[in-house]
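Below: the structure, in structure tokens.
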Ligand code: UT7
């Protein structure tokens, strides 16, 4: 089975509170908290790049795994906010870490990107050509924010999370996964940067209410599918680790699974929506707080632009 042997995360220290937004935008703390659950989001300064966040998170994951950069055989970065289109943020991060010559590439799968990365990394491990694969979910998405759009500006934050995967017979690891996507609804949530948009028109655009409706359905479906694929019932779960985009979406997913609130990890209040970083950022906090224990059944589930959605059921250890 493919196992996570080390996991780490990083968020830049500077953060913006809801009150900070009140000073330059027609919004208020009450609206943001009641509609989304967000209180703070961490923001990277201009000189700190996506690859810098990724490097910090990966260093911590390597430390937790007891490995050195030279042990890594492949780097996969899931991000919607790369340093540059080429080279990939995976290549830049590998160089910053001192990993040396290994295959490196980015994947663009929005918020579920880290879960897509786990599936891709697992598949590549099974070729037998690699021993340790580094999968990173990272965003410096606040660099693309249109600060005049109150419907998106208050929602997003920066961060990174990284996992080292290997295949062994410990009995711990990724029990089941589920990836899905539907490009027909892509218009509802976009980062408008690329050949379709003239320079200077960058921004995150979202039709929030429609995204919300789809997220509620697909997060629940993804959670149930991963459980079914592993032959597990929701009651057997120790943790649900949902993508942190909106507290009400998290709550709807919890209810769909019939889980008590204490089995659902929530840190949206501190980080906002960090897209591909959201799940490993939450798992890292759970490790720090001693909440993730050996043998725990952990279900991670996410939904995002594309649309894409995904889940992974992990027996932690
Ligand atoms: O990570 C990828 C997936 N992303 C998501 O899953 C996000 C999904 N969507 C959401 O989380 C929610 O739709 C939002 C939090 C973005 C918005 O909550 P909502 O309850 O769907 O509000 P709304 O978009 O329907 O807007 C309600 C009102 C509007 O005013 P009117 O038209 O009713 O007069 C907005 O203009 O709230 C207004 N509004 C704001 N008011 C104060 C929108 N943004 C703000 C704001 N402050 N920041």
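Each value in this text was obtained by applying a stated rule to the coordinates, not by laboratory testing. Computed from a prediction, not measured in an experiment: that's the story for all the values here. Please note: Cβ atoms are built from the backbone with ideal geometry, for glycine as well, and neighbour counts cover all protein chains shown.
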Counting DSSP beta bridges with both partners in the chain, what percentage is antiparallel, nearest 5?
-> 70
Pairs of Cα atoms under 8 Å, at least six residues apart: use those to get the relative contact order of the range 173-315, whole percent.
-> 39
Hey, rough spin-label estimate for residue 205 and residue 262, points 7 angstrom out along Cα→Cβ, what's it come to in nanometres?
-> 4.7
Write down the percent of antiparallel bridges among all DSSP beta bridges whose residues are both part of the range 2-167, to the nearest 5.
-> 65
What ranking do 108-117, 71-80, 170-179, 149-158 get when scored by the average of other Cβ atoms within 10 Å per residue, highest first?
-> 108-117, 71-80, 149-158, 170-179
Which part of the range 205-248 falls in the paramagnetic zone of residue 197, meaning amide N under 13 Å from the point 7 Å along Cα-to-beta-carbon?
-> 205-207
Taking the Cα atoms of the chain alone, what are Rg (to one decimal) and Dmax (as a whole number) in Å?
-> 18.1, 55
Fewest-first ordering of 254, 35 by Cβ atoms within 10 Å yields 35, 254
Rounded, prolate or oblate: which fits the range 1-138, taking a ≥ b ≥ c as square roots of the Cα gyration tensor eigenvalues, rounded meaning a/c under 1.5, else prolate when a/b beats b/c?
-> prolate
Tell me the label-point distance for the pair residue 131, residue 68, using the 7 Å Cα-to-Cβ offset, in nm and rounded to one decimal.
-> 1.2
Is the shape of the range 173-315 best called rounded, prolate or oblate, per the rule: a/c under 1.5 gives rounded, else a/b larger than b/c gives prolate, else oblate, with a ≥ b ≥ c the square roots of the Cα gyration tensor eigenvalues?
-> prolate
Taking the alpha-carbon centroid of each part, what is the distance from the range 101-155 to the range 261-280 in angstrom?
-> 16
Residue-averaged [θ]222 nm for the chain, counting only DSSP H segments that reach four residues, each worth -39500 (n - 2.57) = -10000 deg cm²/dmol
